[in-house]
Amino acid sequence: MSFFANLFGKKEGSASVARDRLKLVLAHERASNALPYMDDMKAEILEVIKKYTKVKDIHISSQTNQNIDVLEMEIILK
Amino acid sequence: MGIVITVTSGKGGVGKSTTLANLAVGLANEGKRVVAVDFDIGLRNLDMLLGLENRIVYNVIDVMEGKCNLTQALINDKHSKNLFFLPASQNNDKNILDKAKVKELLDTLKKEFDIILLDSPAGIEGGFEHAIAYADRALIISTPDVSSVRDADRVIGIIDAKSEKAQRGEEVEKHVIINRLKPELVERGDMLNTEDVLNILALPLIGVVPDCDKVISSTNMGEPIIRDEKAQSGEAYRRIARRILGEEVEYLDLSVKKGFFKRMFS
C-alpha cells in the first residue's frame with residue numbers, strides 16, 4: 001500500500017470481498033427458491049404416485065438450458 | 001381507508017422494532033393517524049421501545065379472540081395523540097395467529113387509521129407469513145453485512161410469493177432501509193456501501209440510518225430517537241417518514257468529514 005493510496009483512501013477493503021461472496025451465494029439461492037409452489041406441488045404429486053406404486057421419495061429440480069426452463073422429476077421407488 | 005405497511009427483515013436483531021417505533025412516531029408527527037401493531041407473538045418488545053410497557057392491559061390476541069374490543073386494547077402514545085399501539089401477547093406462541101382473524105383485525109384497523117405498521121417477527125415461519133399476507137407495502141430493514149443482506153433477499157422473495165396482493169397479480173410496494181451504516185468503515189472499504197446493498201437486493205431505497213450511540217440510550221429510556229432534534233439517526237428517521245408519505249426528501253450526507261491533517265496522520 002503506497003503512501004498516496006493511503007492518503008486518498010483508495011484502499012480495497014473487505015467490503016469488495018463481501019460483495020462478491022454475497023452475489024455468488026444469492027445467485028445460487030435465488031435459483032433454488034424461485035419456485036415457491038414447489039413444496040405443495042411435490043406433496044400432491046407424491047399422493048398421486050402413491051396410489052399406483054410404492055414410492056420412497058421424489059426429487060424435483062429446475063434447470064435452465066439456454067432459453068428453456070426444465071423441471072426434472074426423479075421418482076425413487078421402494 | 002388505511003394502508004398496511006409491514007416492517008420486516010429476515011434476520012433478527014437488525015433494528016426492525018426500533019425502526020418501526022421511530023417511523024410510527026414520525027408518521028404520527030406528520031399528521032397521520034397511525035397504529036403500530038406488534039406481531040411478534042410471544043416475544044413482545046415494541047412496547048418498551050415506545051415506552052408504553054406499563055400501560056398494557058389487553059393484547060392483539062385478546063382482540064382477535066374476542067376477549068376484549070379493539071378500543072380496550074389500543075394504547076394511546078404519551079406524546080403523539082394520533083399514535084396508537086397494539087401490543088403482542090406474551091404467553092402464546094406464533095401458531096395461534098389465524099389468517100381469517102388477522103384479515104378481520106386489519107380490515108377493522110384500516111377503517112380507523114391511515115397507516116397500520118406491522119412489526120413482523122424475524123424468520124420466515126408462521127408469524128412472519130401472517131405479517132406479510134395482507135401488506136400493501138413492505139419496508140425491508142438490512143444492516144450492511146453479509147448475513148443480513150442475504151436474509152433480506154430471501155424475505156423479499158417470500159413477500160412476492162406469499163402476500164395476498166402478489167397472489168392477486170398486484171405487487172407489494174417494497175423499499176429498503178439500510179440500518180446502522182458506519183460511514184468511516186464504508187469510506188475505508190470495510191463495509192458494504194448503500195449502492196452495494198441496493199445492487200444486490202434490486203429494490204429502491206427509502207432511507208439510510210447511520211449507526212448512532214444515542215439510539216441505545218433512547219431505547220433504554222423508551223423514547224424513540226426521532227424525538228431527539230439533534231441526533232443524526234433521528235433526522236434520518238424523520239426523512240424516511242416523509243418519504244413514506246410520498247415526499248421527495250434529500251438524503252443525509254453521511255460522508256466522513258476529515259481534515260487534511262487528520263488524513264495525513266491517521
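Yes/no matrix, rows are residues, columns are (1) under 28 Å from A:Ser16 (Cα atoms); (2) free of Cβ contacts under 8 Å to residues at least 12 places away in the same chain:
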| site | (1), (2) |
| --- | --- |
| B:Ile159 | no, no |
| B:Leu181 | yes, no |
| B:Ala202 | yes, yes |
| B:Leu205 | yes, no |
| B:Val209 | yes, no |
| B:Val215 | no, no |
| B:Thr219 | no, no |
| B:Ala236 | yes, no |
| B:Leu254 | yes, no |
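In this structure, B:Leu185 does satisfy being without any contact (Cβ under 8 Å) to a residue 40 or more places away in the chain and surrounded by 16 or more Cβ atoms within 10 Å (Cβ to Cβ). Of the residues making up segment B:69-85, at least one is surrounded by 13 or more Cβ atoms within 10 Å (Cβ to Cβ), more than 29 Å from B:Val215 (Cβ to Cβ) and modelled with pLDDT of 90 or more. Residue check: is B:Arg227 among the basic types (Lys, Arg), on the phi > 0 side of the Ramachandran plot and in contact (Cβ under 8 Å) with a residue 12 or more places away in the chain? Considered against the rule, which asks whether it is among the basic types (Lys, Arg), on the phi > 0 side of the Ramachandran plot and in contact (Cβ under 8 Å) with a residue 12 or more places away in the chain, B:Arg227 comes out as no.
Going through segment B:6-23 one residue at a time, which ones are of a type in the set (Val, Ile, Thr) and not in a strand (DSSP E or B)? Spell out how you get there, then give the answer.
Taking segment B:6-23 first, the residues of a type in the set (Val, Ile, Thr) are B:6-8, B:14, B:18-19.
Passing the criteria: B:Val14, B:Thr18, B:Thr19.
Scanning segment B:132-157 for residues being touching a residue at least 60 places away in the same chain (Cβ under 8 Å) and not in a helix (DSSP H, G or I) gives a total of 10. Note on segment B:161-179: residues that are in contact (Cβ under 8 Å) with a residue 12 or more places away in the chain, more than 19 Å from B:Ser255 (Cβ to Cβ) and more than 10 Å from every other protein chain (Cβ to nearest Cβ) total 9. Screening segment B:97-131 for residues that are hydrophobic (A, V, I, L, M, F, W, C) and part of a loop (DSSP other than H, G, I, E, B) and picking the one that is nearest to B:Ala166 (Cα to Cα) gives B:Ile124.
The values are calculated or read from the model by the stated rules, or taken from the named source; none is laboratory data. On a predicted model such as this, the values are computed, not experimentally measured, just so you know. Note: ideal-geometry Cβ built from the backbone for every residue, glycine included; neighbour counts use all protein chains shown.
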